[in-house]
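Right, one structure below, let's go through it.
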């Protein structure tokens, strides 16, 4: 029975459709696995009652030969997504026991397609972090460990709970959100596929906002096909989000096996960083070779403004966050710590409600938007952002997609980087550019490093061309034949 | 930066200990868009509902909620922009103005700082029905209203009503082109009239649907601009005038006694007629404006803007010009009639098929006079425009005299009814039958032979006979006929 948790999402969906097992069975298998894996701290809220109720409904549909593309498949939801009647706290104390009376568009679409909800997944507070050490509810521990060591490793962030849960077979797939790499980096750290679609492909309605112009939802899954299947469900225009794109959702799944013959893959020279581990460099070359073997033409391209991307990101994202998080003031919902007057109530609520990293980013964001600094920081960062988008546009004259490493290193140990925020921010160096330019990017597991930890390769595509990302990602997956799993220790 | 080239009329100068001063006034008017739904949510905007009964998840700033622009409000802003003879910006954008307050759930107000939807314009403003001045418009932008904080329900807490939160406002910013409280009042009246003509705002100042913040500074006539103070929340024409008079005097007194004006925001107290410091420049918020990332820029096509322009109603200035040119009315009368959309519509209904000047006099003197006296709005007039149209028609075709017409109007006012029927049933028709009039005259002459004899020497005494005949006829005798007959008999 426990084997059911080892299935990919696609395998599970077809097994369910063929009535090889019931949704109740596969849901129960996952709930049991979750119970045994609480030490990973991947789930913040488990929703077994809801899960069984949804599973039974799915089984009834399947029995009648009905059901959607994810019918009966149990998945996990990042705690940033509002789910009607389920506690949603975005990994923060300030939201207290907040239970939204409404549903995010993305989760509504998943339920409509038959997915079963197992629970809410841990994350860095308000999606700010690259290691999940910023969760107010304790860090998530990666199921992965370095060879010969039992030191706790970070699962990446901010969708660290999602990554750990999928990697440890605590759900078939999970939703994530990606503002600067928060889907792709944890996917890379845990040997999974993580897809951030084009900005506007998924509605942001009902997702707790971090940085509105960068935030995008996407899946973290075991395979490229799973990511395509799940993104197909999550995507689509939503009139409740003015920035969502009114475009039809293509057949992402069939794109995964598309031939790459004649496709041009760009290798951006600026992504070759000083001090980058040789293993990463080697893997990148290996990936290039795999794509060449698959029939791609490899071209060198230049994205000259890449080095400004991270600083620009760490201005734009905190600026938006400082404003987006103003609503957590203790007045209408969530936690409130009363003071002597209004201002002290605000101060106490926010000082105690937000964690250190969130406070730091609110301070940075407030600073860069202040009178006298706005032009030097915010406006300049926006100009950099435009330049980065232009870099990509120029690159698309030469190639159809870009291949880069996903991260500059493999996962690190808990506490190893957490005292140096700038070092931590460097985790996003290869991923933020896609957010700044609004482009789709996928991370595909490609190899283990010398210590036995997974490494990922990233494919960045043109706006609205997720299909090419899936096609290239699928080819990389087939070539890499990455099938390593974390050895169970929990 | 603003400049203020026009120097105030001498009559508007204020004399101080060191000489004369002039007041420089600019206004920011907040006009609530006449929209059933809020600017970024579908909540109702109805006034006077149960507190917090018109609050959507978006208005309450629940986590993950997003604003969606109400296109109707955009259209109203453009219409109003045309009314202000202003430039319509095909590209505009919403910005966030960040500050903390319990009646501002998002922690920011969505407004338009950098790229307003309407740019510069200019309107003509009547001052006390005598002068006309031009007032420049700096901009019009769309923004959300905040909720309402209620401090007086409980001594220890503040209650918050979010019904108003998110309601669409048009902020209309003038240039500092006014020099007296009368000019400022004229400006507000003109803006109110315009938005009511355009039906983009109901202009109801009592409900706070049209509110003004007044920027005031003083200077020696034609001299360098002084430091300005902003007076918040001045919610009636009368208070605007009061606040300006008080504030100008306060500033002059400070400067003349060697002090300096602090640039600050002041609050008008309607009970005392005074202004007091609300917050100084040092305490001014740093609003950290930046483009709202949840909303796309508003990009308008020229065709769309043109189609809005094509659908505009006739506005007061054009209407007045037409009344003068086509109807031959005086500029003053035309101004009175077009000052309000309802008034002008009422007049046009009365004038239809009648003599336009006669109708104008009738409406201004009789109808508006009575309404003013009874303090009734034209919309609630007990006598309809249709009834007045009949009355004026009967005056024109001499069915009744002007005097009887007033009587008929009174009857309609008090009892209602169709004026034609009233005239008919009560026998108020003018007597034009010369035979009948002659009989009456003969009777009166016979009864007053001495008086009749005097008329030849003193023709002015003829009036006495006219009066007698009119009295005898119950006012129904045609005065012209009476005059003619009397003259032929007595002179």
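Miscellaneous remarks
- Flag: residue B:324 does not match the condition of being outside the structural domain of residue B:115 (by TED's automatic domain parsing), closer than 30 Å to residue B:88 by Cα, outside any loop (DSSP other than H, G, I, E, B) and touching a residue at least 60 places away in the same chain (Cβ under 8 Å).
- Among the residues making up region A:312-329, those that are more than 7 Å from chain B (Cβ to nearest Cβ) and part of a helix (DSSP H, G or I) are A:312, A:313, A:314, A:315, A:316, A:317, A:318, A:321, A:322, A:324, A:325.
- The numbered conditions (1) within 14 Å of another protein chain (Cβ to nearest Cβ); (2) at pLDDT 95 or above are all true for residue A:340 except (2).
- Within region B:47-65, at least one residue is surrounded by fewer than 18 Cβ atoms within 10 Å (Cβ to Cβ), under 25 Å from the mean Cα position of the chain (by Cα) and modelled with pLDDT under 95.
- Out of A:388, A:364, one residue alone is more than 30 Å from residue A:298 (Cα to Cα) and out of contact with any strand residue (DSSP E or B) (no Cβ under 8 Å at 6 or more places or on another chain). It is A:364.
- Filtering region A:289-309 to residues that are touching a residue at least 40 places away in the same chain (Cβ under 8 Å), under 15 Å from residue A:430 (Cβ atoms) and in a helix (DSSP H, G or I) leaves A:306, A:308, A:309.
- Identity of the residue in region B:189-208, assigned to a loop (DSSP other than H, G, I, E, B) and buried (at least 21 other Cβ atoms within 10 Å of the Cβ), that ends up nearest to the chain's Cα centre (by Cα): B:203
- Count - residues of region B:139-170 that are crowded, with 20+ Cβ neighbours inside 10 Å and in a strand (DSSP E or B): 10
- For residue B:267, the criteria (1) loosely packed, with under 13 Cβ neighbours inside 10 Å; (2) in contact with a strand residue (DSSP E or B) (Cβ under 7 Å, 6 or more places away or on another chain) hold in every case but one, which is (1).
- Residue list for region A:93-132, restricted to those being farther than 30 Å from residue A:412 by Cα, more than 11 Å from chain B (Cβ to nearest Cβ) and within 17 Å of the chain's Cα centre (by Cα): A:110
- Selection count, region A:367-380, where residues are within 9 Å of chain B (Cβ to nearest Cβ), within 20 Å of residue B:281 (Cα to Cα) and part of a helix (DSSP H, G or I): 1
- Filtered residue count, region B:280-303, keeping only those that are surrounded by 14 or more Cβ atoms within 10 Å (Cβ to Cβ) and either outside the structural domain of residue B:191 (by TED's automatic domain parsing) or touching a residue at least 60 places away in the same chain (Cβ under 8 Å) (or both): 10
- Failed condition for residue A:464, given (1) under 23 Å from residue A:306 (Cα atoms); (2) surrounded by fewer than 20 Cβ atoms within 10 Å (Cβ to Cβ); (3) over 22 Å from the mean Cα position of the chain (by Cα): (3)
- 1 or more residues buried (at least 21 other Cβ atoms within 10 Å of the Cβ) and in contact (Cβ under 8 Å) with a residue 24 or more places away in the chain: qualifying helices (runs of 4 or more DSSP H) within region B:344-400: B:356-361, B:385-396
- No other residue among B:32, B:106 is surrounded by 22 or more Cβ atoms within 10 Å (Cβ to Cβ), within 13 Å of chain A (Cβ to nearest Cβ) and touching a residue at least 40 places away in the same chain (Cβ under 8 Å) apart from B:106.
- Subset of region A:315-351 that is within 27 Å of the chain's Cα centre (by Cα) and over 20 Å from residue A:207 (Cα atoms) - its residue that is surrounded by the fewest Cβ atoms within 10 Å (Cβ to Cβ): A:350
- Residue count for region A:54-70, restricted to those that are touching a strand residue (DSSP E or B) at 6+ places or on another chain (Cβ under 9 Å) and free of Cβ contacts under 8 Å to residues at least 60 places away in the same chain: 2
The values are calculated or read from the model by the stated rules, or taken from the named source; none is laboratory data. What you are looking at is a predicted structure, and each value in this text was computed from that prediction instead of being measured. Neighbour counts run over all protein chains shown; Cβ positions are idealised from the backbone, glycine included.
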